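Asks: Here's a structure for you.
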Amino acid sequence: MTPLLAKLLHGACMIAWWIIRLPFERKTKRNILRRDAMDGREKLLLLISFTGLGILPGVYIATGFPAGLDQAFSPLRAIAGLLVFVGSLGLFRATHKALGRNWSVTLRVREQHDLVTAGVYRFVRHPMYSAFWLWAIAQALTLQNWLVGPAGLVGFGTLYLLRVGREESLMRETFGPVWDSYAARTPRVIPFLR
């Protein structure tokens with residue numbers, strides 16, 4: 001494993017992430033929105049997360065900038081990061097499959113919205129966030145640069161911390177006691193951790 005190969009494989013995983021998402025974007029357009037919480041705050045949070053997980057790593061992979069902040073390269077650490085990324089892709093795919101027509105990038109409730117509690121949602125309430133956390137960890141391990149490596153943790157971490165409570169309030173408003181019961185028995189993002 002070389003630094004260049006690690007960058008290229010990380011970039012391939014980033015592309016795979018978007019390929020997984022594409023068919024679900026088309027599928028959800030058929031399900032009419034009932035409530036959309038997309039506002040300035042949500043747009044800013046998405047931009048911050050995208051900067052940390054997409055823009056900065058994309059620039060680094062394509063140009064090597066900022067090479068002056070590169071760490072001493074560890075092939076073992078890069079391999080571990082790529083394995084974590086592959087695991088996050090599997091989890092990401094499973095969340096999309098379980099959500100089906102309920103999936104959305106932002107906080108939305110659809111006309112025929114169901115509370116999904118099967119599949120990976122049996123283990124955690126927010127497995128898509130779990131997948132993004134894994135991606136951010138993978139980035140820190142694979143892209144061994146003092147700025148780009150942790151950028152995913154900071155970018156996605158900001159979105160997560162400022163959004164998850166709002167999302168859970170939306171679910172509580174939509175599903176009431178059914179949500180409360182599900183939330184009481186199901187951890188938020190880490191299985192078996194209450």
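The values are calculated or read from the model by the stated rules, or taken from the named source; none is laboratory data. What you see is a predicted model, and the numbers here were worked out from it, not measured in a lab. We place every Cβ from the backbone using ideal geometry, glycine too, and count neighbours over all the protein chains shown.
Asks: Hey, could you check region 146-186 for residues that are of a type in the set (Lys, Arg) and surrounded by fewer than 17 Cβ atoms within 10 Å (Cβ to Cβ) and say which is nearest to Ile48 (Cα to Cα)?
Replies: Arg166
Asks: Taking the conditions exactly as written (over 18 Å from Ile20 (Cβ atoms), of a type in the set (Phe, Trp, Tyr) and part of a helix (DSSP H, G or I)), does Tyr121 satisfy them or not?
Replies: no
Asks: Further question on the same structure: Taking only pairs six or more apart or across chains, which ones have beta-carbon atoms under 8 Å, a first residue in region 180-194 that is free of Cβ contacts under 8 Å to residues at least 12 places away in the same chain, and a second residue that is part of a helix (DSSP H, G or I)?
Replies: Close Cβ pairs (under 8 Å, with a partner that is part of a helix (DSSP H, G or I)) amount to Asp180/Arg172.
Asks: Here's a follow-up. Is it true that Gly58 is surrounded by 13 or more Cβ atoms within 10 Å (Cβ to Cβ), under 18 Å from Val148 (Cα atoms) and at pLDDT 95 or above?
Replies: The answer is yes for Gly58.
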